[in-house]
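Let me begin by presenting the structure, written as structure tokens, before commenting on it.
The values are calculated or read from the model by the stated rules, or taken from the named source; none is laboratory data. What you see is a predicted model, and the numbers here were worked out from it, not measured in a lab. Positions of Cβ are generated from backbone atoms using ideal geometry, with glycine treated the same way; all protein chains shown enter the neighbour counts. Ligands, DNA and RNA are stripped out before the accessible areas are found, and what is left, the full protein with its side chains, is counted by its heavy atoms. Shrake-Rupley method; radii C 1.70, N 1.55, O 1.52, S 1.80 Å.
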Amino acid sequence: SPLLGWLDRRLARWRRRNRPKCIILVRHGESIGNVNSSAYSSTPDSQISLTERGFEQGTACGREIRRLVGNGSVRFYYSPYLRVRQTLLAILQAFEGQPVEIASEPRLREQDFGNFQDPLSMSRLREDRMKFGRFFFRFPNGEAGTDVFDRVSDFISTLFAHFDSGERRRTAENCVLMTHGLLMRIFSMCYFHWTVSEFEQVWNPSNCEIWVLEKVPRTGRYRLAGRWRQPHGQHHGGHFLDVRYGKSRHAYVPSHMKQPSDARIIVPGPNCLNAEALRGLSDPMDIGTALGIPFFSV
């Protein structure tokens, strides 16, 4: 009936507006594998631990997250890999005396590169990946970026179903995802609908780098505020910078990559792909040449 339809729409709007204020993505601290790749040849990727510096980074990261969320309620979802769990424990020192929620989430694990990883073989495989395409290349006995995309998409569906469950007491004011560099990029790719070309121009975040998705007022949608940066040696303040993008790492991140959009508008005609949001369609080859017509020339 019209009344039930109206109530459903009102309830859906209420649930969207009561989603967390922000979604914070955090990469783990420096691991033994980050400083010595041969560690993967004898230790399972899931059991690679942090270095002493990695623990220090986690502790500092915790202070920054605490400043971002204040005394607001927080739920942490974390990859079950050891280095992420250790980073989470370091971060939680900043929340001493404050109840927080934690939930293990295997879908936030690192891309599977195969089992034990021989350094020489992995070096050749990474060269092949650059030739083949980072997103589509599949590691032997492991995953392609497309597989990670699928499980992250599934996780996002679960996450937003939880946000919209209607049980306000179960929805924390802030959501923190403790994960890996690639997962941060693919989460953003899924949510903001980046093209493969755009994804491959985003650089991996550094250890304990923080990306923040802020909720747009009066909506249930999030915008990419950027990576949080606190001036070195300061204990107050901070600001957002664009995520590292482009060949120089400092290229401007197009505005359409910072907000979700189900589709991009195109008006077919000469030079129609010159629009910033549509350039990915013509990369890496000229569509006009591919089709043998000048209609889509760029």
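Numbers at a glance
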read-out	value
Distance (nanometres) between label positions extended 7 Å along Cα→Cβ at residue 264 and residue 221	1.6 nm
Residues with amide H under 5 Å from that of residue 31, placed H, sequence gap 5 or more	51
With every protein chain in place, the range 52-100: carbon and sulfur % of accessible area (1.4 Å)	49 percent
For residue 102, residues with placed amide H under 5 Å, excluding near neighbours	76
From phi via Karplus (6.51, -1.76, 1.60), per-residue ³J(HN,Hα) for the range 40-46 in Hz, x at Gly/Pro	5, 6, 10, 10, x, 3, 5
Per-residue HN-Hα couplings for the range 31-36 [Karplus 6.51, -1.76, 1.60; θ = phi - 60°; Hz; x = Gly/Pro]	10, 4, x, 5, 9, 8
Whole-number D in µm²/s for the range 22-134 (Stokes-Einstein; Kirkwood sum over Cα pairs; 20 °C, 1.002 mPa s)	138 µm²/s
Residues with amide H under 5 Å from that of residue 245, placed H, sequence gap 5 or more	203, 250, 251
With every protein chain in place, the range 130-267: carbon and sulfur % of accessible area (1.4 Å)	53 percent
